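Below: the structure, in structure tokens.
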Amino acid sequence: MSTLDSLIVGLNDGLWTYLLIPLVVCAGLYFTVRSRAVQLRLFPEMLRVLKDRSQPRADGSKPVSSFGAFTISAAARVGTGNIAGVATAITLGGAGAVFWMWVMALVGGASAFVESALAQLYKVRNRDGSGTYRGGPAYYMQRGLGKRWPGVLFAVAITVTFGFVFNAVQSNTITSVASGSVSGSGSSWFAPAVGLLLAVLLGVAICGGVRRITSVTTVLVPVMAVVYLLLGTAVVLLNLGDLPRVFGDIVGGAFGFKELAAGGIGAAIQQGVRRGMFSNEAGLGSAPNAGAAAEVTHPVKQGLVQSLGVFFDTLLICTMTAFIILTTTPELSGRQGADLTQTALTDTLGGWAGHVLTVVVFMLAFSSMIGNYYYGESNIGFMTRRTWVLPVYRALVLAVVFLGALGSVGVIWNLADVFMGFMALINLLAILPLSAIAFRLLDDYTAQRRSGLDPVFTRSRMPDLTGVECWPDERPAADRGQAEHGEREHGERAGAGVR
């Protein structure tokens, strides 16, 4: 087993160091320049769009809103990586890794915009008659590039990585943290009982389809974020005098001469970029699967919302974890993962904080399992129409969740990094040529906003595009008069804040 783990680690390091990190950084910078830093320039617009609410359909059903799709992707993003992943990055790459996680978020926001706008443009209707949508990289590879085989390759990679491997990791993390808080957790029955409970809860959550998933995540994600941020804020306030030192350690670890001489900067960059992508998933190709489920009036709206999700994940949640650790535990040797975060909390707030963290980790990891499952379901729908495949997939996911609670996941974590790397490679190579379409969509959106309109996309606005299925040919008649009036009366004035 150790030989296998060494081989996987070697493959992993080579893949990320020589291929993925340069590609991720160069693609993010290219998208940032071509979009004129859309992730920063339109930040106020992101907040405005997030508040949009989808209107009920004629049959009374309620479509998935921008916020609902945002919570699905946030449910998968905000997981144990925000607690254990950040701690691991700091342990292996030093405090400077946090700086490069920030850089990854700022640059990666443009990648998240491009991939999610494309997912909205090329989404398709689910075949179950529910009126919901699905989409993602597999769909825009087939419809935008006109090639099915890279879509199938990506669909297999994301289904295995998120549906199985990452869900096993989340289940194991819940069990590990719970064992430190519950009396009698050392008994042989504890891990199987936790695994069975998780499998049952996940089965209830996923069997209702995408609407059931959003109903769960719209509650869990805000609650888990608020509770964790409150814990972190308490730790920071109690150690307020250490903040200048913390910022000095982060910046010094990213650029210091001492770190440069010791090779520490390379480790900080590698850990920061890798864990940054693992945490916020910008450019990875996972979040667009959730973004495609939303019912919005323009693809750019969901691109903006998903870009905001990158900031929410890294600049808020991950930064709070870093502050918790660095304000209380400057000596990092001998500790790693969630244990480091848990120790930092209990050292400052007392033993009760460890129990609260157990609840938070459960909420984080369980919501991640829901989001991870949905990514696999969406891509299975792309690969096959056989009705028996989805129930088999659900059964396998629940079995993996149960088994993940029972064992060590060292090899699985490293294997997950490899699969994640291949996912990012396939997705980035696809969105680089397709990004020109995303930038056309962005220009169309900003032009409508400058005219004082709520942007609406129709196929007639870009008649040269092929493979677009779920968008109307023309603007609805009820909106047409408003559009003409807006273009005539408002001009540049109403949308002066959107450039």
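The values are calculated or read from the model by the stated rules, or taken from the named source; none is laboratory data. Please read these numbers as outputs of a predicted model, since none were measured by experiment. Reconstructed Cβ throughout: ideal geometry from the backbone, glycine too, with neighbour counts over all protein chains shown. These accessible areas exclude ligands, DNA and RNA; they are computed on the full protein's heavy atoms, side chains included. Shrake-Rupley method; radii C 1.70, N 1.55, O 1.52, S 1.80 Å.
Among residues belonging to region 272-294 that are under 11 Å from Q306 (Cβ atoms) and outside any helix (DSSP H, G or I), point out the one that is modelled with the lowest pLDDT.
The extreme case among them is E281.
With the checklist (1) at pLDDT below 85; (2) under 29 Å from Y133 (Cα atoms) in hand, flag the one item R48 doesn't pass.
So R48 meets the others, but not (1).
Just to be sure, is G381 touching a Phe, Trp or Tyr at 6+ places or on another chain (Cβ under 9 Å), crowded, with 20+ Cβ neighbours inside 10 Å, part of a helix (DSSP H, G or I) and in contact (Cβ under 8 Å) with a residue 12 or more places away in the chain? Give the steps one after another, and end with the answer.
On the way: touching a Phe, Trp or Tyr at 6+ places or on another chain (Cβ under 9 Å): no; crowded, with 20+ Cβ neighbours inside 10 Å: yes; part of a helix (DSSP H, G or I): yes; in contact (Cβ under 8 Å) with a residue 12 or more places away in the chain: yes.
Here the answer is no, as G381 does not meet what is asked.
Say we look at region 469-499 and pick out the residues that are open to solvent by less than 30 Å² (accessible area, probe 1.4 Å), part of a loop (DSSP other than H, G, I, E, B) and touching a Gly at 6+ places or on another chain (Cβ under 9 Å); which of these is modelled with the lowest pLDDT?
The extreme case among them is G495.
Applying the selection to region 107-132, what residues are in contact with a helix residue (DSSP H, G or I) (Cβ under 9 Å, 6 or more places away or on another chain) and open to solvent by 20 Å² or more (accessible area, probe 1.4 Å)?
Listed by number, the residues that qualify are V107, N126, R127, D128, S130.
With a cut-off of at least 2 residues that are without any contact (Cβ under 8 Å) to a residue 60 or more places away in the chain and among the basic types (K, R), name the helices (runs of 4 or more DSSP H) lying wholly within region 80-179.
Values: elements: 84-93, 96-121, 137-144, 149-158, 167-179.
Counting at least 2 such residues, we get no helices (runs of 4 or more DSSP H) at all.
Pull up region 345-378, narrow it to residues that are of a type in the set (G, A, S) and surrounded by 24 or more Cβ atoms within 10 Å (Cβ to Cβ), then point me to the one that is nearest to L396 (Cα to Cα).
Only one residue tops the list, namely G376.
Quick one: is S187 modelled with pLDDT under 85, open to solvent by 40 Å² or more (accessible area, probe 1.4 Å) and out of contact with any Pro (no Cβ under 8 Å at 6 or more places or on another chain)?
Answer is yes for this residue.
What is the number of the single condition among (1) among the small types (G, A, S); (2) within 30 Å of R459 (Cβ to Cβ); (3) buried (at least 24 other Cβ atoms within 10 Å of the Cβ) that G146 does not meet?
Checking G146 against (1) among the small types (G, A, S); (2) within 30 Å of R459 (Cβ to Cβ); (3) buried (at least 24 other Cβ atoms within 10 Å of the Cβ), the one that fails is (3).
Filter region 92-124 for residues that are of a type outside the set (A, V, I, L, M) and farther than 19 Å from T32 by Cα and give the result.
G93, G94, G96, Q120, Y122, K123 - these are the residues of region 92-124 that are of a type outside the set (A, V, I, L, M) and farther than 19 Å from T32 by Cα.
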